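First up is the structure itself, then whatever we jot down about it.
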């Protein structure tokens, strides 16, 4: 109902009950029947969403049928969740998976918060930990990682207090994802190893698969790519074992990103095509967008730039369809890098500018730095060296701020290349290469540090004329998917 019509209906209801024409008991019973109807149907519809339940409810004939009911009733379900604590708890738990599937993320935080408030009001200690966990996952989707971390720590502590080892494993898994997004990769690895061990202890193969998947992402961020490959292969095999096609799609996606880092691009392309097809099979538009993004980066590495551009444009269309601003920013960034390879620098400039603006909107400083660096490279291609230097200096400052030392080293290398091309600051060239070497050393990338140091020495030897193009262009990286 429209807000005013709903308020009028409520006033009329109160007036009728005040005059004694309808006992409040009958009103409460009618309301409770309606809430019960919504909770029962939402729980039944959830059995059809990935990963599908072992016992699908006969209330709905298929996932499409269940999603159609959710689509039609979404606003009513959210409104009903506000009516009573019982409704907030029941609908808050039952509606969440659908809202995540449809990427209605603001609504997701609202209903997850209602469920937590209801558990507190009803003194439902049995479900309070789960409500905290669900809220943490919703906050992660909105990139509110500090709040998500607090929620997951609370959930973990509550589960441990009650001796619920299996649920504690899930909390450790979620906590690991949050600290990983905060770029605390060693802590993320510890959390995922704990989750994996607890899932193994409780015999949960599906949970173990999820932990292996997230563990693979953590070691990949630590640049331990062979270990990441093994972890993602293990996750894929376990998901296949339990018949979770959606989880298998995520594992293939993550496996592809690890193969790209190992420069096994043909295999990476096959993995991403498999991920895309599986996401299409289960109807996950958001996951399919991620696979298209990674397909594009693999195609770029194979120098198939026209196909890569099509892949990234397809990714962008999917992100816009689902309202995924952060995903759209990544797509624009990768569109820009592809256009640059095609020597279409003006279009690349517009794409990277759009990416930078969208990353700013989502508060992602790390990816905004990527966009600034790509802008700097594009300005260099346009021979707008002053703007290129300014963009490059913004990028290195922002990357150092988030302590991504490997990419800081890359960005300093790009800045050195720009200064060389400009030919106006020989001393600055050597300084930039030295900064690059220092950043790589902090990242533990000894080979890259040595290369940057050699460029610095050479720049000094030839009066600042260091060789241009020492590193490949700074790309938007492939996207892994946490479970």
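The values are calculated or read from the model by the stated rules, or taken from the named source; none is laboratory data. Every value quoted in this text rests on a predicted model; they were computed, and no experiment measured them. So basically every Cβ, Gly included, is an ideal-geometry build from the backbone, and we count neighbours across all protein chains shown.
Would you check if residue 223 is within 25 Å of residue 333 (Cα to Cα), outside any helix (DSSP H, G or I) and touching a helix residue (DSSP H, G or I) at 6+ places or on another chain (Cβ under 8 Å)? Talk me through it step by step, then tell me what you get.
Values: within 25 Å of residue 333 (Cα to Cα): yes; outside any helix (DSSP H, G or I): yes; touching a helix residue (DSSP H, G or I) at 6+ places or on another chain (Cβ under 8 Å): yes.
Spelling it out, residue 223 is indeed within 25 Å of residue 333 (Cα to Cα), outside any helix (DSSP H, G or I) and touching a helix residue (DSSP H, G or I) at 6+ places or on another chain (Cβ under 8 Å).
Going through 49, 56 one at a time, which residue ends up being surrounded by 15 or more Cβ atoms within 10 Å (Cβ to Cβ), outside any helix (DSSP H, G or I), at pLDDT below 90 and within 23 Å of the chain's Cα centre (by Cα)?
On the way: 56 fails: within 23 Å of the chain's Cα centre (by Cα).
When all the criteria are applied, what remains is 49.
Does residue 280 satisfy the condition of being touching a helix residue (DSSP H, G or I) at 6+ places or on another chain (Cβ under 7 Å) and over 30 Å from residue 343 (Cα atoms)? Talk me through it step by step, then tell me what you get.
Working: touching a helix residue (DSSP H, G or I) at 6+ places or on another chain (Cβ under 7 Å): yes; over 30 Å from residue 343 (Cα atoms): yes.
In short, yes.
Going by what's in this entry, would residue 111 be described as touching a helix residue (DSSP H, G or I) at 6+ places or on another chain (Cβ under 9 Å) and assigned to a helix (DSSP H, G or I)?
Working: touching a helix residue (DSSP H, G or I) at 6+ places or on another chain (Cβ under 9 Å): yes; assigned to a helix (DSSP H, G or I): yes.
The answer is yes for residue 111.
Among (1) surrounded by fewer than 18 Cβ atoms within 10 Å (Cβ to Cβ); (2) assigned to a helix (DSSP H, G or I); (3) touching a helix residue (DSSP H, G or I) at 6+ places or on another chain (Cβ under 8 Å), there is one condition residue 83 misses while meeting the rest; what is its number?
Going through the list (1) surrounded by fewer than 18 Cβ atoms within 10 Å (Cβ to Cβ); (2) assigned to a helix (DSSP H, G or I); (3) touching a helix residue (DSSP H, G or I) at 6+ places or on another chain (Cβ under 8 Å), residue 83 breaks only (2).
Just one of 78, 39 is in contact with a helix residue (DSSP H, G or I) (Cβ under 7 Å, 6 or more places away or on another chain), surrounded by 11 or more Cβ atoms within 10 Å (Cβ to Cβ) and over 24 Å from residue 148 (Cα atoms); which is it?
Values: 78 fails: over 24 Å from residue 148 (Cα atoms).
Criteria check complete, one pass: 39.
What do you reckon, is residue 312 more than 23 Å from residue 255 (Cβ to Cβ), buried (at least 19 other Cβ atoms within 10 Å of the Cβ), touching a helix residue (DSSP H, G or I) at 6+ places or on another chain (Cβ under 6 Å) and modelled with pLDDT of 95 or more?
no
Would you mind stating whether residue 32 is more than 30 Å from residue 242 (Cβ to Cβ) and assigned to a helix (DSSP H, G or I)? Before you say what the answer is, go through the steps one by one.
Details: more than 30 Å from residue 242 (Cβ to Cβ): yes; assigned to a helix (DSSP H, G or I): yes.
Criteria met by residue 32.
Determine, yes or no, whether residue 482 is at pLDDT 85 or above, within 30 Å of residue 253 (Cα to Cα) and surrounded by 17 or more Cβ atoms within 10 Å (Cβ to Cβ).
On the way: at pLDDT 85 or above: no; within 30 Å of residue 253 (Cα to Cα): yes; surrounded by 17 or more Cβ atoms within 10 Å (Cβ to Cβ): yes.
So residue 482 fails the test.
Could you tell me whether any residue of the stretch 170-192 is outside any helix (DSSP H, G or I), under 29 Å from residue 110 (Cα atoms) and free of Cβ contacts under 8 Å to residues at least 40 places away in the same chain?
Within the stretch 170-192 (the criterion being outside any helix (DSSP H, G or I), under 29 Å from residue 110 (Cα atoms) and free of Cβ contacts under 8 Å to residues at least 40 places away in the same chain), the answer is yes, since at least one residue qualifies.
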